[in-house]
1. Within region 457-498, what residues put their amide N at less than 12 Å from the label point 7 Å along the Cα-to-Cβ vector of Met558?
2. What is the Cα radius of gyration of the chain over 2.2 N^0.38 Å, N being its residue count?
3. With the Cα gyration tensor of region 292-385 in hand, convert its eigenvalues to equivalent ellipsoid semi-axes via √(5λ) and list them largest first in whole Å.
4. Give me the count of lysine pairs in region 444-588 whose alpha carbons sit under 24 angstrom apart, restricted to pairs 8 or more positions apart or on different chains.
5. In nm, give the distance between the simple-model label positions of His177 and Arg350, each being 7 Å from the Cα along the Cα-to-Cβ direction.
6. Which loop-located GluC sites (Glu not before Pro) does region 99-196 contain, where loop means any DSSP state but H, G, I, E or B and the Cβ has at most 14 other Cβ atoms within 10 Å?
7. Let me know the Kirkwood hydrodynamic radius for region 212-351, please, with Cα pairs as the basis and the value in Å to one decimal.
8. What per residue convex hull volume, in Å³, do the alpha-carbon atoms of region 498-583 yield?
Amino acid sequence: MAETVGAYVLRRLHDNGIERVYGYPGDGINGILGGFHEHGNEIEFVQVRHEEIAAFCATAHAKFTGEVGVCLATSGPGAIHLLNGLYDAKLDHQPVVAIVGQQNTLSLGSNYQQEVDLTSLFKDVASEFVQVCAKPGQAPHLIDRAVKVARASRSVTCVIFPADVQEEPFEEPPRAHGTVYSAPVGSSPRVVPRDSELRRAAEVLNTGEKVAMLIGQGAARASDEVAEVADILGAGVAKALNGRDALPDDLPFVTGPIGLLGSKASDQMMAGCDTLLMVGSSFPYSEWLPEPGKARGVQIDIDGRLVGIRYPMEVPLVGDSKDTLGALIPLLERKEDRSWREEVEANVRRWWEILDEQAHVEADPLNPQLVFHELSSRLPDRCILTADSGSATNWWARHLRLRSGMRAALSGTLATMCPGVPYAFAAKYAYPDRPVIAAVGDGSMQMLGMNALIDVADKWRRWANPQLVVCVLNNRDLNQVTWEQRVLAGDPKLEASQVIPDFPYARFAELIGIKGIRVDSPERVAPAWDEALAANEPVLYEAVTDPEVPPLPPHIEMDQATQLARALLHGDPASGRVLQQSLKGKLKEFVTH
Ligand SMILES: Cc1ncc(C[n+]2csc(CCOP(=O)(O)OP(=O)(O)O)c2C)c(N)n1
Ligand SMILES: [Mg+2]
């Protein structure tokens, strides 16, 4: 029997190096699913609870492996469910291919059931490439290009397969005018700027006396070069959240995260520097960078579209971060005056002390910072960390001291809720031997995390090392937004929108067959981590935390303090406790004016 287009699609994906597809079935993709009977040994179908989980998994695969992630969904509702996860990939510049079904070609345009204009729907998220396969002979080049474009432009691409085309016999395109032949090949070129540009950059960096570096995910392959450049220039290094595993936190000159969720040491470095070297980052919040005009700037990015769009850079260098830094190093002069570096390192030491103090402030029943503080010293070697979006992201960003060889990811730019557990699940598929730890809010857990936990409970026996801990902060609140209402908008907490139902997360875990641990007193935090990290099965670590511990930015402007005061005076239901907690938390460390 001739091979169908559906089976061919899988064969061609495999020829392009794809080994795994995350997805959910539907009759709009039955032709492709049928192909797994033939190609299931070369390319694995991983079924998850929700198409959004599939898209997050494909994104996480790309983030952790650097390879293209693939997700598969049916026409109409299935395709629509993928979108949020795909936008996460798009905004964080990850290569992801979405394969989606469509109704039969003969029904299209008739207002048919589940007929959605998928090309229009995907046009924005897959802005680099979205195409419909109308004839079998198109399948080779559409699959090849979807993978090539995703890889080369680090973006999301989409191929739409009408159900009837999937069932047709596959035929190579005829050798005729108007047809094309493609190959599943790609190349990763060495991209370095011209010598003259490198010399200009070196002049700026050699002239500066107080150099600050900011690195992002683009520096991930360049840790050694980043550390060497920082040493030569006597610089400190701050990290955007997407680049938090690009350099370990136990180096004395690493100031840690930057921005609202950042460290005071990063803030002090950005405020005091005279030169900024940004590597592989498009950290969006420019108010946390030096004042425009106050520092001379050099930026390295692989994508010419992304240089000089956050800070008025003097020398943009378009190139691979590792190769470009490598080419720059011989041109740099070692700074003999180390006083700036010493100042940065002193601020870093002080910041870790502040975090330690913050973590030990009493709260009711638990200070969420203590949960991360105790985890930090226990992080297993080579672990993979994932975070969701919420107040936990603050503590995850600040308190966890990553060591060399560890990995970390979150939804950096879309900052969507829900990727925490799906990312952890996909990390286990990519690296079944490595311990994985996810940090998730109770709101995200209720929104999608619990569904993804069902996938964990279903699949963990396939992993060589079953260590996967999902830490849920049970604060019965959409806490990050509650604090944004107070501090940014000056409004009291709106209970109707902020309070969420209490739920027994640890018991839920037990119910679906994995270990659950509930922690609601400070003495239990550390022993519970020991127990969770020693378990030979996935664990849900439920921490019952206090929503009134403020996730404050590293410095608070006067107007933010005024907004908070306004919120508290205007009937915030927790005003007494908020004040008490803020004062206990040595608010003064954070106030600048
Ligand atoms: C899909 C989505 N919806 C809404 C938001 C806005 N938002 C950001 S953080 C947050 C609260 C998350 O609550 P939870 O998961 O309980 O974490 P917490 O802040 O309480 O630690 C919300 C609603 C978002 N980022 N993504
Ligand atoms: Mg919450």
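A short reminder: the numbers here are calculations on the coordinates, not readings from a lab. Computed from a prediction, not measured in an experiment: that's the story for all the values here. Reconstructed Cβ throughout: ideal geometry from the backbone, glycine too, with neighbour counts over all protein chains shown.
1. Those under the cut-off are none; the list is empty.
2. That works out to 1.01 for the chain.
3. 37, 19, 16
4. Value for region 444-588: 4.
5. The answer from the label model is 7.7 nm.
6. Glu171
7. Result for region 212-351, one decimal place: 14.5 Å.
8. 133 Å³
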